[in-house]
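S.K.: Here it is: the structure, laid out below.
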Amino acid sequence: MAKMAASMVQSGEDAFRKIFKFYKRRNPPPDFCDVIDFSRVCSNKVLPLKLDLAAVSDVEAARVGLQPVRDWRAFGLKGYPGFIFISNPFLRGSQPFWVRQCLKVYPQKPNVCNLDMHMSPSDTQDIWGKSVHGLSFPPSGNRQPKTLLERLRWVTLGYHYNWDTKTYSATHCTPFPADLHMLSFQISAACGFPGFNAEAGILNYYRADSSLGIHVDESELDHSRPLLSFSFGQSAIFLLGGTHRQDPPTAMYMNSGDMMVMSGQSRLLYHAVPRIVPAPQGHTTLEMEGCSMAASLQASTVVESVSEEDWAVCSRYIQSSRVNVTVRQVLAPWQSFPETPSPHQRTDAGQTVGYRQADGESGKRKRSCSSDSDHLV
């Protein structure tokens, strides 16, 4: 694929768009041989990274379900300064807690989701409760209507992103989840960014036929702080490019439990998710062993046991879906929002951006395909 990318650049075409379409195509299916798999590293583009072992104690890591930092497998990529990939640092049995939070807790009000665009507040008040029955049992032969949980495409936390103006504001804000803030704080500290303040989050819910268009995350007012990304459930092909769309991207797998930190020069690079793929063997079933480990930790631990009833729903959902969480610090400590939000600086009218599904249902208001949810990751 390197030769293919080179020819795109030479011809002046949009290399990123071409490679995006290459991995997205269904017939014939693409060749995945060049996709980097950090769980079994064998690429000369991958560099081992050293983290700050003293920044997070073993107890602090365990409180949010993470292994001791010395056991994390962290990598960088040649040509991408500031990009950090952490291959599943979660303790065995702790991922189910975070999956449950993403499906049951974070979609609750006052947080905002795509269903609010065309449903009444009372209808979206309890997405989990209204979906439990439909997801508690194996699918029957008859085609059943999608549950609300299966129709969920995005949820915003903290400073709620405005999809129309592509901005945040002081007036559209709800409390950021304390548990997710603590997880983000520990991850960023270990990566050399102490004092990270999680102020905004976007949860992206992918079905097997979903994709996420080419975009840059630049709406935050402070770009000196990293962008954090956590994945759960099925795997994804993630493309990381350069500062121009003519720069051919590097393809990599994101498996359940994997994390990415985009900082420094990588903070404002083009990226996209062209395809969801089945999780590798051993990743699909998130172990329940150890979910009760919270009882053996200190009382202030974040990770809790997941009931068998809740896990039956979560497990059924992630058998065919992926959840991605991105966490951002919007403002520097000395910053405040401008009185009038400034317009989004970068647009790519007519280009491949947006969170899309094969069934035509988009992640936000129905509109042209060039501007749907281009801020998601």
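The values are calculated or read from the model by the stated rules, or taken from the named source; none is laboratory data. Small disclaimer: the values here were computed from a predicted structure and weren't measured. Reconstructed Cβ throughout: ideal geometry from the backbone, glycine too, with neighbour counts over all protein chains shown. What goes into the accessible areas is simple: the full protein's heavy atoms, side chains included, and nothing from ligands, DNA or RNA. Shrake-Rupley method; radii C 1.70, N 1.55, O 1.52, S 1.80 Å.
S.K.: Given points 7 Å out from each Cα along the Cα-Cβ axis, report the L268 to T165 separation in nanometres with one decimal.
M.R.: 2.2
S.K.: Could you size up the charge dipole of segment 77-177 around its Cα centre, putting +1 on the beta carbon of Lys and Arg and -1 on that of Asp and Glu, and report it in debye to the nearest 20? It would help to have the intermediate numbers written out before the result.
M.R.: On the way: 11 positive and 5 negative charges, 69 e Å.
That gives a dipole near 340 debye.
S.K.: Given the whole protein assembly as supplied and a 1.4 Å probe, what does the accessible area of D209 come to in Å², nearest 10?
M.R.: Answer for D209: close to 60 Å² accessible.
S.K.: Multiplying the sequence separation of L221 and K109 by 0.36 nm and subtracting their Cα-Cα distance, what value in nm do you get? Could the numbers behind the result be given before it?
M.R.: Numbers: separation 112, 0.36 × 112 = 40.32 nm, distance 2.58 nm.
Extra length from L221 to K109 when fully extended: 37.7 nm.
S.K.: Continuing with the same structure: Given a 1.4 Å probe, how much area per residue of segment 180-237 is accessible, in Å²?
M.R.: On the way: 1110 Å² over 58 residues.
Roughly 19 Å² per residue, with all protein chains present.
S.K.: Take each of the peptides 238-247, 32-41, average the number of other beta-carbon atoms within 10 Å over its residues, and list them starting from the highest. Mind dumping the intermediate values first?
M.R.: Working: 238-247: 19.2, 32-41: 15.1.
Descending packing order for the listed peptides: 238-247, 32-41.
S.K.: While we're here: Over the Cα atoms of segment 175-251, each weighted equally, I'd like the Debye log10 I(q)/I(0) at q = 0.12, 0.15, 0.16, 0.24 Å⁻¹, rounded to two decimals.
M.R.: The computed values of log10 I(q)/I(0) come out as -0.45, -0.71, -0.81, -1.31.
S.K.: Mind pulling the per residue volume of the convex hull built on the Cα atoms of segment 47-131? Å³ is fine. Each step should come with its number before you reach the end.
M.R.: Working: hull volume 12.9 nm³, N = 85.
In segment 47-131, the Cα hull volume divided by residue count equals 151 Å³.
S.K.: Now, a different point. Please give the net charge around G201, taking every other residue with its beta carbon less than 13 angstrom from that of G201, where Lys and Arg add +1 and Asp and Glu add -1.
M.R.: Values: positive: R328; negative: D179, E199, D217, E220.
Around G201, the charge tally is -3.
S.K.: Which of rounded, prolate or oblate describes segment 125-269 when judged by the alpha-carbon gyration tensor and an a/c cut-off of 1.5? Could you put the intermediate results ahead of the total?
M.R.: Values: a/c = 1.81, a/b = 1.42, b/c = 1.28.
Prolate, since a/c reaches 1.5 and a/b exceeds b/c.
S.K.: Quickly work out the C33-to-S307 label distance, labels modelled 7 Å from Cα along the C-beta direction, and quote it in nm with one decimal.
M.R.: 5.1
S.K.: Something else now. First compute the accessible area of segment 127-281 with a 1.4 Å probe, then give the percent of it belonging to carbon and sulfur atoms.
M.R.: Numbers: 2810 of 5030 Å².
C and S atoms contribute 56 percent here.
S.K.: Each residue of segment 169-176 in turn: what ³J(HN,Hα) in whole Hz from Karplus with 6.51, -1.76, 1.60 and θ = phi - 60°, glycine and Pro shown as x?
M.R.: Along segment 169-176, the couplings run 8, 6, 8, 10, 8, 10, x, 7 Hz.
S.K.: In nanometres, what is the gap between the two model label sites at H172 and D209, each 7 Å from Cα along Cα-to-Cβ?
M.R.: Taking the two extended label points, one gets 3.0 nm.
S.K.: Further question on the same structure: Send over a whole-number figure in Å² for the accessible area per residue of segment 19-148, probe 1.4 Å. Write out the running numbers ahead of the final one.
M.R.: Details: 6770 Å² over 130 residues.
Result: 52 Å² per residue.
S.K.: If the viscosity is 0.692 mPa s and the temperature 37 °C, what translational diffusion coefficient in µm²/s does Stokes-Einstein give for segment 92-181 when Rh comes from Kirkwood over Cα pairs? Let's see the in-between values first.
M.R.: Numbers: Rh = 14.7 Å.
So the translational diffusion coefficient is about 223 µm²/s.
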